[in-house]
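Written out below as structure tokens is the structure these notes cover.
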Amino acid sequence: MASARSEAVADAAIAVLADQGVRGLTHRAVDNAAGLPIGSTSNHARTRAALLKLALVRLAAVEADDYTLAFDAPAPVPAGSADSSAENLIDVVTHALVVSLTTGRQTTLARFELALEASRRPELRQLYSHLGWKFQLAMVDLLARAGSRAPVADAHMLMSACEGILFYWLVGSGSAQAADQTEIRHRVRGLVHMLVDGHGGN
């Protein structure tokens, strides 16, 4: 279990990633962001690779906490009630996206930075993919409950689309305006019904 000091260092690393990007992630920058004496970060992550890993593991834990309620699988539903499960899926995904764009904005920006860095570091990519797997499993389960005929393939498609929505509002052409929850829900609804009703993964 991570110590409080280690978590503080990791949280500071996430803040630096969000504010300054990967290039700005140095041990000194993290020390300053955490308000710790110079050299403190090195006690928890001696190398840059270790610092990136520390930030990624903590980021996954923070996002898991943010989405715990949203991604809790609903109680089993009666046969023939796939429509209500589809609405639940729409609620879950919309909530997760809104959190990522508002209270979790810093974490999402840091995750994008780490995703780019992972494309250059195989060991980080492996960890990034592993930590994201539980979100994938939750999405597969929710899609299956909503009536998807190919929940695994549909989960890939839905999560890819969600990443696009996040990119649009965080750094794309939509970043000049505040995230619109109504618009996000409209997009999610269209995606879910395309997959569930149109059998998008088949």
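The values are calculated or read from the model by the stated rules, or taken from the named source; none is laboratory data. Just so it is clear, the structure is predicted and the values come from calculations on it, not from any experiment. Reconstructed Cβ throughout: ideal geometry from the backbone, glycine too, with neighbour counts over all protein chains shown.
On the given criteria, is Ser42 at pLDDT below 95 and either closer than 22 Å to Pro122 by Cα or out of contact with any strand residue (DSSP E or B) (no Cβ under 7 Å at 6 or more places or on another chain) (or both)?
Values: at pLDDT below 95: no; either closer than 22 Å to Pro122 by Cα or out of contact with any strand residue (DSSP E or B) (no Cβ under 7 Å at 6 or more places or on another chain) (or both): yes.
No, not satisfied.
Take the conditions under 30 Å from Leu25 (Cα atoms), assigned to a helix (DSSP H, G or I), modelled with pLDDT of 95 or more and not polar (S, T, N, Q) and apply them to Glu163. Does it pass? So Glu163 fails the test.
Rundown of residues vs (1) part of a helix (DSSP H, G or I); (2) modelled with pLDDT of 95 or more, yes/no style:
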site	(1), (2)
Ala2	no, no
Ser6	yes, no
Asp11	yes, yes
Leu17	yes, yes
Arg28	yes, yes
Ala33	yes, yes
Leu51	yes, yes
Ala55	yes, yes
Ala60	yes, no
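Remark: Val171 falls outside the filter, which requires a residue to be among the aliphatic types (A, V, I, L, M) and either within 14 Å of the chain's Cα centre (by Cα) or at pLDDT 95 or above (or both). For segment 7-35, how many residues meet the condition of being farther than 17 Å from Ala110 by Cβ and either of a type in the set (Lys, Arg) or crowded, with 17+ Cβ neighbours inside 10 Å (or both)? Number satisfying all stated conditions: 2.
From the list Arg189, Arg149, Arg145, pick out the single residue that is farther than 16 Å from Ser100 by Cα and either outside any helix (DSSP H, G or I) or aliphatic (A, V, I, L, M) (or both).
Arg149
Can you name every residue in segment 118-138 that is modelled with pLDDT of 90 or more and either under 28 Å from Ala178 (Cβ atoms) or assigned to a loop (DSSP other than H, G, I, E, B) (or both)? Selection gives Ser119, Arg120, Arg121. Taken over segment 62-98, residues that are modelled with pLDDT of 90 or more, under 19 Å from Phe112 (Cβ atoms) and of a type in the set (Val, Ile, Thr) amount to 2.
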